[in-house]
Amino acid sequence: MKAFQEFTKGIINENPVFVMALGLCPTLAVSTSVSNAIGMGAAATFVLLCSNIIISLIKNLIPNKVRIPCFILVIASFVTIVDMTMEAYVPPLHKSLGIFIPLIVVNCIILGRAEAFASKNGVFKSILDGLGMGVGFTLAIMVIALIREILGAGTILDMRILPASYKPMIAAILPPGAFITIGLLMGLLNIFQNKKKSKA
Amino acid sequence: MKEIIRPALILLIICVIASVILAIIYKQTAPLIAQNKLMAEEQARKTVLPEAAVFKPVIENDQILYYEGFDTDSSLVGYVFSCFQYGYSSDVKTMVGLTTNLKISAITVVSQMETPGLGANCTKLGFLNQFSGKDPAEIYVDKDGGDIQSLTGATITSRAVTNAIRDTFLKIRDKL
């Protein structure tokens, strides 16, 4: 049960985007369409999982004083390895995901989980934590992208769902749309959380 | 003193290990990546000039100016040139096919790192197809008074593609 909680906590209670407000830069930038959100979510989850595993394995070797540079080094090397291997062996995948890879480096969720969780817990727990946080991030960015794509283009995954007479609200897929959407969603989530608390 | 040297040494060791791993992987993947890029370019030339079977580079001062496309009877069916201009956040590199009467046959975006969902939409066919059949010396985006419809929220990227094609064409026109 406890292990399962390490996985689920990232999805709602400690959602990296809505609750901890981490990784906002890629969230705002890449939530313009659902297909981009899935690509970014998948790539970030993969790197997060791998960096959590490696850091929880070498946590006892790293002196406390230089832990942050060590984490950054591990994450950056890992991202570069993934980038080069993908480009060499699976070029089609690299073509569709390649654009997200430089953005993963600026995703502070990965460094945040390395510092707050993987450097203090074992491998198994870190795997669950990485997966949970990755899924939470992917869901959050997908929800934002869904709203922005419907309003801004009238489509979901490039399929038209609103009638052709709908005039797209272009502001929704421009940067201001990202800020407004994420703000409203965070507010809504806070209302629910507060209601839960006052009941308990 | 010991407190400074020990962490620094460990950091150094981790750095060395990371660089060695990266160097090995780079050595493994670099030739494959270069080969993939060549194949992707060959593929792009076929996309923009489907009538051609063989492409022959035309070289001036050690630089490839453009490619001549020949069909299976080795008669000239058109030209292919590539061009790039800095868009919003990256160089947008475009491959352009020309018919023998110097109209655009088709274009394709070879590489770009523009904003996903906005500028990155320049790779979509809806945007690319509007170039076909146009005179490359006369293309402008709608905001500059032309008839190339800009991408939503990405006028800068659209303009980079359009202007790169026009400028490069004007430079090589007399040599075709």
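The values are calculated or read from the model by the stated rules, or taken from the named source; none is laboratory data. Because the structure is predicted, anything quoted here is derived from the model rather than measured. Note: ideal-geometry Cβ built from the backbone for every residue, glycine included; neighbour counts use all protein chains shown.
Some notes on this structure:
- Residues being of a type outside the set (Gly, Ala, Ser) and in a helix (DSSP H, G or I) - total across the stretch A:121-163: 22
- When restricted to residues that are surrounded by fewer than 20 Cβ atoms within 10 Å (Cβ to Cβ), within 26 Å of A:Glu6 (Cβ to Cβ) and at pLDDT 80 or above, the stretch A:83-110 contains 1.
- Test: residue in the stretch A:119-135 that is away from chain B (no Cβ under 14 Å) and free of Cβ contacts under 8 Å to residues at least 60 places away in the same chain: no
- Filter pass, A:Thr155 being among the polar types (S, T, N, Q), surrounded by 12 or more Cβ atoms within 10 Å (Cβ to Cβ) and away from chain B (no Cβ under 13 Å): no
- B:Val92 satisfies every condition listed in (1) farther than 30 Å from B:Leu118 by Cα; (2) crowded, with 17+ Cβ neighbours inside 10 Å; (3) of a type in the set (Val, Ile, Thr) except (1).
Table: residues versus (1) within 14 Å of chain A (Cβ to nearest Cβ); (2) aliphatic (A, V, I, L, M); (3) out of contact with any Lys or Arg (no Cβ under 6 Å at 6 or more places or on another chain).
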position	(1), (2), (3)
B:Ser105	no, no, yes
B:Lys124	yes, no, yes
B:Asn129	no, no, yes
B:Ala154	yes, yes, yes
B:Ala164	no, yes, yes
B:Asp167	no, no, yes
B:Lys171	no, no, yes
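- Selection of first residues in the stretch A:179-200 that are in contact (Cβ under 8 Å) with a residue 40 or more places away in the chain and of second residues that are assigned to a helix (DSSP H, G or I) and not β-branched (Val, Ile, Thr), restricted to Cβ pairs under 6 Å at least 6 apart or on distinct chains, gives the following pairs, ordered by first then second residue: A:Thr181/A:Arg148.
- Counting only helices (runs of 4 or more DSSP H) that fall entirely inside the stretch A:34-102 and contain at least 3 residues that are β-branched (Val, Ile, Thr) and free of Cβ contacts under 8 Å to residues at least 40 places away in the same chain, the qualifying elements are A:67-89.
- Beta carbons closer than 7 Å, at least 6 apart along the sequence or on distinct chains, pair a first residue in the stretch B:1-13 that is within 7 Å of chain A (Cβ to nearest Cβ) with a second that is charged (D, E, K, R) for B:Pro7/A:Lys65.
- Of the criteria (1) in contact (Cβ under 8 Å) with a residue 12 or more places away in the chain; (2) more than 9 Å from chain A (Cβ to nearest Cβ); (3) among the hydrophobic types (A, V, I, L, M, F, W, C), which one B:Ala40 fails: (2)
- Test: residue in the stretch B:43-65 that is away from chain A (no Cβ under 14 Å) and in contact with a Pro (Cβ under 6 Å, 6 or more places away or on another chain): yes
- Residues (among the charged types (D, E, K, R), at pLDDT 90 or above and over 17 Å from A:Ala29 (Cα atoms)) located in the stretch A:146-191: none
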